[in-house]
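Student: Structure provided below as structure tokens; questions to follow.
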Amino acid sequence: MNADHRVPAWPALIADADLRPHNSFAVRARAAGLTALTRIEQLDDLVEAAASYPQAPLLLGDGSNVLLVDDYAGLVVLNQLYGRRLINQDDEHAWVEIAAGENWDQLVDWSIAQGWFGLENLALIPGRVGAAPIQNIGAYGVEFESLCAAVQVYDPKAGNLQWLDAAQCQFAYRDSLFKRAGSRYWITAVRLRLRRRHQPNCAYAGVAEELQRLGLDDSQASSIAQAVRSLRRRKLPDPAQIGNAGSFFKNPVVSPEDANALGQQLAGLPRFEQDDGRCKLSAAYLIDQAGWKGYRDGDAGVHANHALVLVNHGQASGAQLYALAQRIAADVHDRYGVRLQIEPRVICAAGEP
Ligand SMILES: Cc1cc2nc3c(=O)[nH]c(=O)nc-3n(C[C@H](O)[C@H](O)[C@H](O)COP(=O)(O)OP(=O)(O)OC[C@H]3O[C@@H](n4cnc5c(N)ncnc54)[C@H](O)[C@@H]3O)c2cc1C
């Protein structure tokens, strides 16, 4: 999969590197070393190079789901493994293998152009393919796990590559084996099972209305991708304009009893019944009700239109954003008894808190 014109020359290792261009919060942080992974054959050498640093290596895609709280004393490795190929197909499905450094949104367009469907609701999610399994990315009623056939991982301790099937990945809402395992696995490729017939999925709030607004219908997957992109551009702040990592907190899932009790306190509380009988609540609603929407402390703030999105107005540090997140979570807990969990990976000098 590496015979690709986008594979850059063998990368140099940069000491004391600036990580600001490599995180969508645009916080200032430095890495003791920075390099790129461009070929599978390079993996063992990278592990050897990383061993001379006091902190374990950190594999990064586009940095759109991390909060860098401190400088990083280890080797940061940018994932630049490229390649996409069809590995099998039958009447119903096409199985494709995608290298982990591919851009996610470009993959969406590529798959639609090939006549392979299922990714369209996940259009415009920032980042690279290798990070998609980590938090089982999801949007507009579709999650990565529903399309995942297998994930190829490199274990830097054992020095071997293996494929894990979807069940082994233990996907859950914004969670997976990989998110819980920290830096134990480096994802090098994924295999997806895509449909050869377009089946529109427009049930999620807003998609059908957006198609109508754009004068489109759901008969083409490309139209759905266009509607999703249009919705996302309108709703979510662009990290190129203002630093952010998308939703900063996961929606909390609570027992029906707890949801009922909270419903007495907050009459308009949105709740979404889950298959296991529990209720998913809207973290954005709780944060908004607690009065944090639009809050700003120096350059660390909460977006004025989107209570779930923490923003860097310019010079906020990762530590300031993290402190703000902790204040919000503590306040929501005090008021409503609900514990909010942070969605992005928080990277501190001592690893993840
Ligand atoms: C504006 C905005 C909107 C967003 N909307 C959504 C959304 O709708 N749904 C959603 O689910 N997410 C969303 N996100 C979050 C983010 O886009 C996804 O989590 C994405 O998959 C992150 O990709 P990345 O390459 O930037 O990962 P990074 O931020 O580089 O990495 C994330 C974490 O995964 C680890 N990691 C990255 N690549 C690998 C690898 N190959 N192997 C092992 N570990 C790895 C990193 O060490 C880090 O801990 C949004 C973010 C932004 C900024």
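Student: Dipole magnitude of segment 243-347 about its Cα centre, charges +1 at Lys/Arg Cβ and -1 at Asp/Glu Cβ only, in debye to the nearest 20? If you can, show how the numbers build up before the last one.
Tutor: On the way: 10 positive and 11 negative charges, 36 e Å.
In debye, rounded to 20, segment 243-347 gives about 180.
Student: Over the Cα atoms of segment 84-235, each weighted equally, I'd like the Debye log10 I(q)/I(0) at q = 0.18 Å⁻¹, rounded to two decimals.
Tutor: Computed log10 I(q)/I(0) values: -1.04.
Student: A follow-up question, please. Treating the Cα atoms of segment 260-300 as identical point scatterers in vacuum, please give the log10 of the normalised Debye intensity I(q)/I(0) at q = 0.17, 0.21, 0.23 Å⁻¹, two decimals.
Tutor: -0.56, -0.72, -0.80
Student: At 1.567 mPa s and 4 °C, plugging the Kirkwood radius over alpha-carbon pairs of segment 14-79 into Stokes-Einstein gives what diffusion coefficient in µm²/s? Present the calculation step by step, with values, prior to reporting the outcome.
Tutor: On the way: Rh = 11.9 Å.
Value of D from the Cα-based Kirkwood radius: 109 µm²/s.
Student: What is the list of residues in segment 116-159 whose amide nitrogen lies under 16 Å from a point 7 angstrom out from the Cα of GLN89, following Cα to Cβ?
Tutor: 116-119
Student: Using only the Cα atoms, work out Rg/Rh for segment 243-347, with Rh taken as the Kirkwood radius, to two decimals.
Tutor: Details: Rg = 14.0 Å, Rh = 14.1 Å.
Ratio value, two decimals: 0.99.
Student: For the chain, what size does the Cα cloud have along each of its three principal axes, sorted from largest down, in whole Å?
Tutor: 58, 52, 36
Student: Within straight cross-link reach of LYS293, meaning Cα distance under 30 Å, which lysines are found once same-chain residues fewer than 8 apart are removed?
Tutor: Cα-Cα hits under 30 Å: LYS179, LYS235, LYS250, LYS280.
Student: Please list the helices of the chain that count as membrane-span-like by this rule: a mean Kyte-Doolittle hydropathy of at least -0.5 together with Cα atoms stretching 18 Å or more along the helix axis, each helix being a complete DSSP H run.
Tutor: On the way: long enough: 221-235 (21 Å, -0.66); 318-336 (27 Å, -0.21).
What comes out of the filter, once short or polar helices are dropped, is 318-336.
Student: Could you put SER255, SER247, SER111, SER146 in order, starting from the residue whose Cβ has the fewest other Cβ atoms within 10 Å? Before the final figure, lay out each step's value.
Tutor: On the way: SER255 11, SER247 21, SER111 24, SER146 17.
Ascending number of Cβ neighbours within 10 Å: SER255, SER146, SER247, SER111.
Student: I would also like to ask the following. What number results when the radius of gyration of segment 76-116, computed over Cα atoms, is divided by 2.2 N^0.38 Å? Intermediate values should be presented prior to the final figure.
Tutor: Details: Rg = 11.8 Å, N = 41, 2.2 N^0.38 = 9.0 Å.
Ratio of Cα Rg to 2.2 N^0.38 Å: 1.31.
Student: For the chain, what is the calculated [θ] at 222 nm in deg cm²/dmol (nearest 500), taking -39500 (n - 2.57) for each run of four or more DSSP H residues and dividing by its residue count? Intermediate results must be reported in sequence, preceding the final value.
Tutor: Details: 8 runs with 81 residues, N = 353.
So the calculated ellipticity at 222 nm is -7000 deg cm²/dmol.
Student: Taking neighbour counts of Cβ atoms within 10 Å as a proxy for exposure, in what order, fewest first, do ASP16, ASP258 appear? Don't jump to the answer; show the numbers that get you there.
Tutor: Working: ASP16 10, ASP258 17.
In order of increasing Cβ crowding within 10 Å: ASP16, ASP258.
Student: Treat every Asp and Glu Cβ in segment 84-235 as -1 and every Lys and Arg Cβ as +1, leave all other atoms uncharged, and give the resulting dipole magnitude about the Cα centre to the nearest 20 debye. Don't jump to the answer; show the numbers that get you there.
Tutor: Numbers: 19 positive and 17 negative charges, 109 e Å.
Using only the charged Cβ atoms, the result is roughly 520 debye.
None of the figures in this text is laboratory data; all of them are computed from the coordinates on show. Worth saying up front: this structure is predicted, and the values here are computed from it rather than measured. With ideal geometry, Cβ positions are generated from the backbone for all residues, glycine too; neighbour counts draw on all protein chains shown.
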